[in-house]
Each structure stands twice: as structure tokens, then as C-alpha cells.
Amino acid sequence: MGNRVVRGDFEWVYTDQPHTQRRKEILAKYPVIKSLMGPDPVIKWIVTGMVLTQLVACFLVKDLSWKWIFFWAYAFGGCINHSLTLAIHDISHNVAFGNKQAKWNRWFAMFANLPVGVPYSASFKKYHIDHHRYLGGHSLDVDIPTDFEGWFFCTPFRKVIWLFIQPLLYALRPLYVNPKPITQMEIFNAVVQFSVDIVIFSLWGLKPVVYLVAGSLLCMGVHPISGHFISEHYMFLKGYETYSYYGPLNWITFNVGYHMEHHDFPSIPGSRLPMVKKIAAEYYDTLPHHQSWIQVLWSFIFDETIGPYARVKRICKVASENH
């Protein structure tokens, strides 16, 4: 199935991430963007509706055959669950209740986590801060694949396998790359999540639980929405480490596609990121971006210049001091 990836290492740089300087320039030129920062009063109601929809779906699938369980998990439930993980991403920046009520954001993220089936939100919050602060940082940004991933998943067939197991890699990679002590919030997250799983199992049996967990795993693997994992930071053009996606799937993914804008202004909710692009259009219109996550996945699989190694990786001061 095609040739091996020609890249044999990451794109190593020693410069600061581009978002810091661009943020300064844009704020100096368009101070009105500061008014976009702060909580989004709507996100809590959207997330609540999605969680309740999945609870209703759990009741509806309890008597279906297994083949239909997996069909609806992939075609419907998993789409909602993946969208909820992106809501958790937004909430990790305190956009649901604001910075002054940070703990409410963490508890609400646990609520958004419930249909995902496995505890996720507290650990994501812990590591996502580093992703923004040390983008591409060696041994700090766990979004970067390991050397083994870059070396082994180097053919189209292996890259397809890599996409399928992507949820597992995202869960295990932090334990290898940058292990951190388990926090109290992570314990709470696990207790709350597994308690709800047990309640669902006791009420309606195993099938609804499988529907939730399978949906999360399937739709974060080979699925159109999962194209955002690749589109955000994989180097499709040399020298560019963050890309936005301006296609229609932003409507169901809390505008995670506006990723350059998000890294420039992480405190602005996803619902307002299109306004950032509109106000500071000259900063974004000339940068490379994507229009299709399906095309992104196709290119990742079959383009011999792209693989897990196609990431910008930087040596930063903190990384060199600790390692």
C-alpha cells in the first residue's frame, strides 16, 4: 500500500512558538478583541442537551442487536461524544463559568464527560495547559507522537492502524512522555464516571455502556471528525506548525477548527473564534489552512511526506533544565 514515509525525524526548531508574537501584534492593532474574552453563557446549555440526548439514546439502544449498537455508536453517539470531548477542550480554558469560578468549570467538564464512558476531563485539563504553554516542547507537549510512533507507523497501512488506535495512544502517551502525579480531581473524575457507568448498566444492561464507550473509541479513530487531530498541528507545509480548518464540521465541534485563532487567544470561547478571524483577517487569510477533514485524513495516509514525524518539535528552556 504505497511507499514509506520519507521523513525520519521531527522538524526540530529552537524558536518560540509563533502564537505569542502574533497575539501581541493583533491585540496592539485590534484591542477590541479583548472584549471577546470571557465565558460563553450558551455552552453549558448545549452540553447539557447533548448529555441528556445520550442518556435517552442509552435507553433506546438497550434492546437493539449488537450490529446496530456499533452502527449507531459510530454514526450518531460517537459524533456526540467526540463533540463533547471538544466541549471539554473549550471548558478547560474556563469558558463555561469564567476564571473566577474555575472549580465550577472542572465539575461541569466532568458532567460533559459522562457520555464518553471513561474518565477523561481532569487528565486532559492537566496536560492541555502544557500543550499551549510549551507547544511542541520536547518531553512537555504530550500531543507530539513518540519516536516509536514516528518510526513504526510509516506506511499507508500502518498509518491507518495508527489512526484506529489514536484514542489509546492519546491516553497512554502522557504516562510515558511526561508522567505527572494523579490529582484529586482525577480521582473524583474516575469515581463520578464509573458510578454513572454502573448506574446505566444496572438500569439497562451492558449494551448502552458499550454504545457509549465504543462510540468514543470509534469516532476518535478513523472518522471524519477525527481529522481535526491531524489538521491542527501536523506539518503539511514546512515551517507551519498550526493550521485552521474552515469547513462545515465546525458547527458540531465547538469551532475547534479555528485552531490558529484558538492558540493565539485560548481564553476566547470557540463560539467567538470566527469573529477573531473576521476582525484580524489579514493575519489569517494568508496562512495555510484546511477545508476538509476527510481530505486531511486521506493526505495523512497516502502522502509519503506526512506521518507521525511530521510535527514541529522544539527544545525549550524548561525541557532542557528538566532533561
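What the table below lists for this structure:
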| quantity | calculated |
| --- | --- |
| Residues of the range 212-252 satisfying the condition of being within 12 Å of the chain's Cα centre (by Cα), over 20 Å from Ser271 (Cβ atoms) and among the aliphatic types (A, V, I, L, M) | Met220, Ile230 |
| Residue check for Asp141: crowded, with 22+ Cβ neighbours inside 10 Å, of a type in the set (D, E, K, R) and assigned to a loop (DSSP other than H, G, I, E, B) | yes |
| Those helices (runs of 4 or more DSSP H) lying entirely in the range 166-250 with at least 3 residues surrounded by fewer than 21 Cβ atoms within 10 Å (Cβ to Cβ) | 166-177, 184-204, 206-219 |
| Test: residue in the range 57-67 that is outside any helix (DSSP H, G or I), crowded, with 16+ Cβ neighbours inside 10 Å and not charged (D, E, K, R) | no |
| Search result, residues across the range 266-307 that are crowded, with 20+ Cβ neighbours inside 10 Å, over 16 Å from the mean Cα position of the chain (by Cα) and in a loop (DSSP other than H, G, I, E, B) | Ile268, Ala280, Ile306, Gly307 |
| Checking Lys238 against (1) modelled with pLDDT of 95 or more; (2) basic (Lys, Arg); (3) out of contact with any Gly (no Cβ under 9 Å at 6 or more places or on another chain), the condition it does not meet | (1) |
| Test set (1) part of a loop (DSSP other than H, G, I, E, B); (2) surrounded by 15 or more Cβ atoms within 10 Å (Cβ to Cβ); (3) hydrophobic (A, V, I, L, M, F, W, C) - Val6 fails condition number | (2) |
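The values are calculated or read from the model by the stated rules, or taken from the named source; none is laboratory data. Treat the numbers as computed from the prediction; the structure is a model and nothing was measured. Note that each Cβ is placed from the backbone with ideal geometry, even for glycine, and that neighbours are counted across all protein chains shown.
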